[in-house]
1. Going through region 85-111 one residue at a time, which ones are open to solvent by less than 20 Å² (accessible area, probe 1.4 Å) and more than 14 Å from the ligand (Cβ to nearest atom)?
2. Filter region 236-250 down to the residues that are within 17 Å of Met73 (Cβ to Cβ) and within 16 Å of the ligand (Cβ to nearest atom) and list them by number.
3. Keeping to region 133-186, report how many residues are among the hydrophobic types (A, V, I, L, M, F, W, C) and in contact with a helix residue (DSSP H, G or I) (Cβ under 7 Å, 6 or more places away or on another chain).
4. Among the residues of region 169-223 satisfying the criterion of being within 16 Å of the ligand (Cβ to nearest atom) and touching a Cys at 6+ places or on another chain (Cβ under 7 Å), which is nearest to Asp124 (Cα to Cα)?
5. If you go through region 169-206 one residue at a time, how many are closer than 30 Å to Val351 by Cα and either of a type in the set (Phe, Trp, Tyr) or open to solvent by less than 60 Å² (accessible area, probe 1.4 Å) (or both)?
6. List the residue pairs whose Cβ atoms are under 9 Å apart, where the first residue sits in region 2-16 and is free of Cβ contacts under 8 Å to residues at least 60 places away in the same chain, the second is assigned to a loop (DSSP other than H, G, I, E, B) and surrounded by fewer than 10 Cβ atoms within 10 Å (Cβ to Cβ), and the two are 6 or more positions apart or on different chains.
7. Would you mind listing the strands (runs of 3 or more DSSP E) fully within region 295-383 where at least 3 residues are open to solvent by less than 10 Å² (accessible area, probe 1.4 Å) and either under 17 Å from Phe196 (Cα atoms) or in contact with a strand residue (DSSP E or B) (Cβ under 6 Å, 6 or more places away or on another chain) (or both)?
8. So for region 30-37 (the condition being away from the ligand (no atom under 16 Å from the Cβ) and surrounded by 19 or more Cβ atoms within 10 Å (Cβ to Cβ)), does at least one residue qualify?
Amino acid sequence: MNYEGLSKSDVLRLLKEYLKDDLTYKSGRILGSMCTSPHSFAKRIFIKAIEKNLGDAGLFPGAMKLEQEAISMIGSLLSKSDASGHIVSGGTEANLMAMWVARNLARKDRPEVIVPKSAHFSFDKAANLLGLKLIKIGLNKNFQVKTEVVKKSINNNTVALVGVAGSTELGTVDPISELSDIALNEGIYLHVDASFGGFVLPFLRDLGYNVPSFDFSLKGVCSITIDPHKMGFAPIPAGGILFRNPEYIKSISIKVPYLSGGETTQATILGTRSGASAIAVWALLKHMGRKGYQKVVKKCMNLTDMLVKRVKRSKKIYLVTNPIMNIVGLASRSLEPKQLADKLRKRGWAVSSTSTHIRLVIMPHIKRKHIIEFLSDLEEISV
Ligand code: PLP
């Protein structure tokens, strides 16, 4: 650090230089991210609320109330407006909290959690941090967890089952209603990771799509991850964790004695945490309304359908599976996914690659022209 500070214009010049190689959502070239440019109204609110700290709740009772109202609005999307929970830093923190709760409620010496093979790597992090053994279950031909294997894998040490509603790699939805029945029969905690799908599936259902139950309408579902900073259009960081029963969260609550806002408890992993995130989510939900999100999802799905139709006509590339939502897995008949992703990156396209396919996420910043340009490059590359 310099002893004398630099002028603001010098700092700005340096920043411009450093950030010039970063991709932007606006360019339409980020085709493999679950994030997008946040809604302009949410950005304004975020900056207005930048100093709020939900870690010191007693100082910011208004912000606390807004967080709880945001949770209630999100809960109403998931068939439970009286769910309890928090706006957290993202899906990773939300999944970690759910696993923390499940472990603490069950109090087993050697806790195990059963997850689909498609589960996000945040569960590996949670397992490592919480001392959980992860049992990973294979998928059926529709890329959903094999529920009969889940059932057989339950033992005395099982503390939770996990189902995914909108998988990271393909956007598939596990048979959550079957998992719910299993969880109820066996008396085991069930967590649903709808980190991405939570802000898609309810609106797809509104639009007339056939969406299976995945939320608190299923009695066995104990908690759900749902992230406003993915399809919710909110500024990063904004994850969501919702619990069916307010007692659950008490199992991870810790007394906080020293804060200037007065003694309180915290159940989040972070201490000091962004009030701006929660307030921006509240404002966005109020402003967008259900109809606003339906429009966003419809636009993304229309583009996804267009992409799918064109891919089906191609001789060089193919769909890994028919997409359920705006996540598409593509593979080339001539190139490995990693080779394909690297070649695309050289042409300025950022997609993710897995061992079997490249993944596109058709987020709100993607326009028709981007898809047309992308497909033309893809055809050229896939010799
Ligand atoms: N769960 C799922 C299904 C995801 O796809 C992701 C991220 O892509 C996460 C959890 C983790 O979310 P975050 O990156 O916000 O921590």
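The values are calculated or read from the model by the stated rules, or taken from the named source; none is laboratory data. All values derive from a computational prediction rather than experimental measurement. No Cβ is skipped: glycine too gets one built from the backbone with ideal geometry, and neighbour counts run over all protein chains shown. SASA here: full protein model, heavy atoms, side chains in, ligands and nucleic acids out. Shrake-Rupley method; radii C 1.70, N 1.55, O 1.52, S 1.80 Å.
1. Across region 85-111, the qualifying residues are Gly85, Val101, Ala102, Pro111.
2. Ala238, Gly239, Gly240, Ile241, Leu242
3. Of all residues in region 133-186, those among the hydrophobic types (A, V, I, L, M, F, W, C) come to 134-135, 137, 139, 143, 145, 149-150, 154, 159-162, 164-165, 170, 173, 176, 179, 182-184.
If we keep only those that are in contact with a helix residue (DSSP H, G or I) (Cβ under 7 Å, 6 or more places away or on another chain) too, we end up with 134-135, 137, 150, 154, 159-162, 165, 173, 179, 182.
Qualifying residue count, region 133-186: 13.
4. His191
5. 21
6. Val11/Gly5
7. Of the strands (runs of 3 or more DSSP E) lying wholly inside region 295-383, those with at least 3 residues that are open to solvent by less than 10 Å² (accessible area, probe 1.4 Å) and either under 17 Å from Phe196 (Cα atoms) or in contact with a strand residue (DSSP E or B) (Cβ under 6 Å, 6 or more places away or on another chain) (or both) span 327-332, 358-361.
8. Within region 30-37, none of the residues are away from the ligand (no atom under 16 Å from the Cβ) and surrounded by 19 or more Cβ atoms within 10 Å (Cβ to Cβ).
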